[in-house]
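Participant: One structure is given below, represented as structure tokens, and several questions about it will come after.
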Amino acid sequence: MGGTLPQRIAVTGGAGFIGSFLCERLLEDGHEVLCIDNFYTGRRRNVAHLLERPAFELMRHDVTFPLFIEVDQIYNLACPASPVHYQFDPVQTTKTSVHGAINMLGLAKRTKAKILQASTSEVYGDPSEHPQREEYCGNVNPIGPRACYDEGKRCAETLFFDYHRQHRLRIKVARIFNTYGPRMLANDGRVVSNFIVQALKGEPITIYGEGSQTRSFCYVDDLVKGLVQMMNSADEVTGPINLGNPQETSVRALAEEIIRRTKSASKIEQRPLPADDPVRRQPDISRAREILDWKPATALGDGLERTIAYFRAVL
């Protein structure tokens, strides 16, 4: 348990892809976990195996409404994170980020809890700086189709730092880069899940443009470890801190690797590039290495094998 006493910990978005693994990890560390989710993109099945655990509680709640509970720590992960889902109801996406942050910060203020914001590499928009350091202010289109998510998350960071300065709240802001693993939604439009599902079904694998755009993929276990290490860091460590894998992979190379590992007969098909889709994404994780002693440990091949096995079982 790393020397920390058992804490009462709330995880918003706790039935989601990353949230469910975080709940598992916190239970393993001996804490009491309250998983809060409205099941918009979260799934009950992601945490069904935890319901028997006496230290685990599942609550259906939307963070855009206030919540009155007693907690020691809050991980605020609630927000649809893939373009397919966050663009379906963009107004609600912004509300989830902004009202959700206000409500969770209000809760943290009342209970004197430590609070971590799951922010995103999307705060950098389509970056003109490469790799992205935390000091980079970003290149975001405030009126584009992705703005509901990008600007909602940017505003949440603003709120976190204002609560910190104004009310001395103990805050942590983690900027999460592309993360993959079991429990991703098959229909979320993300590149890893898309390619795996298409390959397993023997359908053409669709890439946008030449597939030369790059992403950096972090396996979910590594990311969760980073979030926990950030929450447990000294109070003066507020972030923002990038969490992700600095190893860059082109989208085409990823498609070819997945075809190879699934032994699929799928062919690669090219489509036109969507609006505001970033060309390059790569975190500079110097801060995470120095301050948190964190870096990803799972090789892409190993992570893909586990993710492919999950989708085989689900499909």
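Participant: Which loop GluC sites (Glu not before Pro) in segment 22-109, with loop taken from DSSP, have no more than 10 other Cβ atoms within 10 angstrom of their Cβ?
Facilitator: Passing sites in segment 22-109 are 52.
Participant: Under the rule of at least 5 residues apart or a separate chain, name every residue whose amide H is placed under 5 Å from the amide H of residue 232.
Facilitator: Close amide H contacts, sequence-distant or interchain: none at all.
Participant: Something else: Please check: in the Gaussian network model of the chain (C-alpha springs, under 10 Å), which one of 78, 108, 299 has the largest mean-square fluctuation.
Facilitator: Largest GNM mean-square fluctuation: 299.
Participant: Give the long-range amide H neighbours of residue 268: residues separated by 5 or more places, or on another chain, with amide H under 5 Å away, using H modelled in the peptide plane at 1.01 Å from N.
Facilitator: 205
Participant: If you don't mind, there's one more thing I want to ask. Rounded to the nearest whole Å², what accessible area per residue is found for the chain with the 1.4 Å probe?
Facilitator: On the way: 13830 Å² over 315 residues.
Computed with neighbouring chains in place, this is 44 Å² per residue.
Participant: Kirkwood-based Rg over Rh for segment 164-315 (C-alpha set), two decimals?
Facilitator: The Rg/Rh ratio comes out at 1.04.
Participant: Counting only residues 5 or more places away or on other chains, whose amide H sits under 5 Å from the amide H of residue 113 once H atoms are built in the peptide plane?
Facilitator: none
Participant: Which of the aspartates and glutamates could a cross-linker bridge to residue 153, judged by Cα under 13 Å and excluding same-chain residues fewer than eight apart?
Facilitator: 122
Participant: Net charge around residue 14, counting only other residues with Cβ within less than 14 Å of its Cβ (Lys, Arg = +1; Asp, Glu = -1)?
Facilitator: My count for the surroundings of residue 14 gives +3.
The values are calculated or read from the model by the stated rules, or taken from the named source; none is laboratory data. Please read these numbers as outputs of a predicted model, since none were measured by experiment. Methodologically, a virtual Cβ is constructed for each residue, glycine included, from the backbone with ideal geometry; neighbour enumeration extends over all protein chains shown. We work out accessible area using only protein heavy atoms, side chains counted, and drop any ligands, DNA or RNA first. Shrake-Rupley method; radii C 1.70, N 1.55, O 1.52, S 1.80 Å.
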